[in-house]
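The values are calculated or read from the model by the stated rules, or taken from the named source; none is laboratory data. Since we're looking at a predicted model, the values are computed, not measured. FYI the Cβ positions are ideal-geometry reconstructions off the backbone, even for glycines, and counts take in every protein chain you see.
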Amino acid sequence: MEIYLVRHTTPDIQKGVCYGQSDLDVANTFETEVAEIHTQVPVKEITKVYSSPLKRCKLLAETFKLPIAFDTRLIELDFGDWELQKWDEISKETLDPWMEDFVNVQVPNGESYIKLQERILDFYNGLQPNSDDKIIIVSHAGPIRALVSYLQNIALKDSFGFKLDYGEVVKI
């Protein structure tokens, strides 16, 4: 089985704002980014598309013109109370403990990175692979990094060393 992990295109939000499960629209570069993504994926050979149901992933998944299975386990980290706040306006008292151990510390009213990894692995382990399948998974940086770190036996705390731009395609 071939899996193409695709990070959504650039979201329509100013830099420096914390977002995770907020349902953002896409930036005006969407069409250009989609065209580039389509050059990296054998669209005619794809047998299934899975996607986060958030708009920035959904719109991209729809461009493949194939049936889509939307799955909430593919959603980005839940940043809870920090959603749509500017990073530099989040209190140090709540931000610092998370920054020191973002793998295990839960965001206030959100989730920890280890919980995100548990749900992406639940999704991954539930796939019914056929050796001839070629699938696309449209998701977010957090779930993609968490899955790749697991598959490559990289400590979750080191997963941010894996660079992942908007619209990037990772074949596994």
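Within the group Glu89, Glu93, Glu76, Glu62, which residue is more than 18 Å from Gly16 (Cα to Cα) and modelled with pLDDT of 95 or more? Criteria check complete, one pass: Glu62. Can you tell me which residue in the range 120-162 is nearest to Phe79 (Cα to Cα), limited to those that are touching an Asp or Glu at 6+ places or on another chain (Cβ under 9 Å) and basic (Lys, Arg)? Top of the filtered list is Lys157. Just to be sure before I move on: is Ala35 assigned to a helix (DSSP H, G or I) and either surrounded by fewer than 17 Cβ atoms within 10 Å (Cβ to Cβ) or of a type in the set (A, V, I, L, M) (or both) in the structure I sent? For Ala35, the condition - assigned to a helix (DSSP H, G or I) and either surrounded by fewer than 17 Cβ atoms within 10 Å (Cβ to Cβ) or of a type in the set (A, V, I, L, M) (or both) - is met. A single member of Leu116, Leu127, Leu147 is surrounded by 12 or more Cβ atoms within 10 Å (Cβ to Cβ) and part of a loop (DSSP other than H, G, I, E, B), and it is Leu127.
Close contacts from the range 27-56, counting a first residue that is free of Cβ contacts under 8 Å to residues at least 24 places away in the same chain and a second that is surrounded by 14 or more Cβ atoms within 10 Å (Cβ to Cβ) and among the β-branched types (Val, Ile, Thr), with Cβ to Cβ under 6 Å and a gap of 6+ residues or different chains, come to Ala27/Thr10; Thr29/Thr10.
Filtering the range 47-58 to residues that are modelled with pLDDT of 95 or more and either touching a strand residue (DSSP E or B) at 6+ places or on another chain (Cβ under 8 Å) or not in a loop (DSSP other than H, G, I, E, B) (or both) leaves Val49, Tyr50, Ser51, Ser52, Pro53, Lys55, Arg56, Cys57, Lys58. Working only within the range 150-172, note down all residues that are under 25 Å from Glu36 (Cβ atoms) and in contact with a Phe, Trp or Tyr (Cβ under 7 Å, 6 or more places away or on another chain). Once the filter is applied, which keeps residues that are under 25 Å from Glu36 (Cβ atoms) and in contact with a Phe, Trp or Tyr (Cβ under 7 Å, 6 or more places away or on another chain), the range 150-172 yields Val169, Lys171. Only one of the numbered conditions (1) in a helix (DSSP H, G or I); (2) polar (S, T, N, Q); (3) touching a Gly at 6+ places or on another chain (Cβ under 9 Å) is not met by Thr94, and that is (3).
Residues of the range 59-75 that are in contact with a strand residue (DSSP E or B) (Cβ under 8 Å, 6 or more places away or on another chain) and charged (D, E, K, R): Glu62, Asp71.
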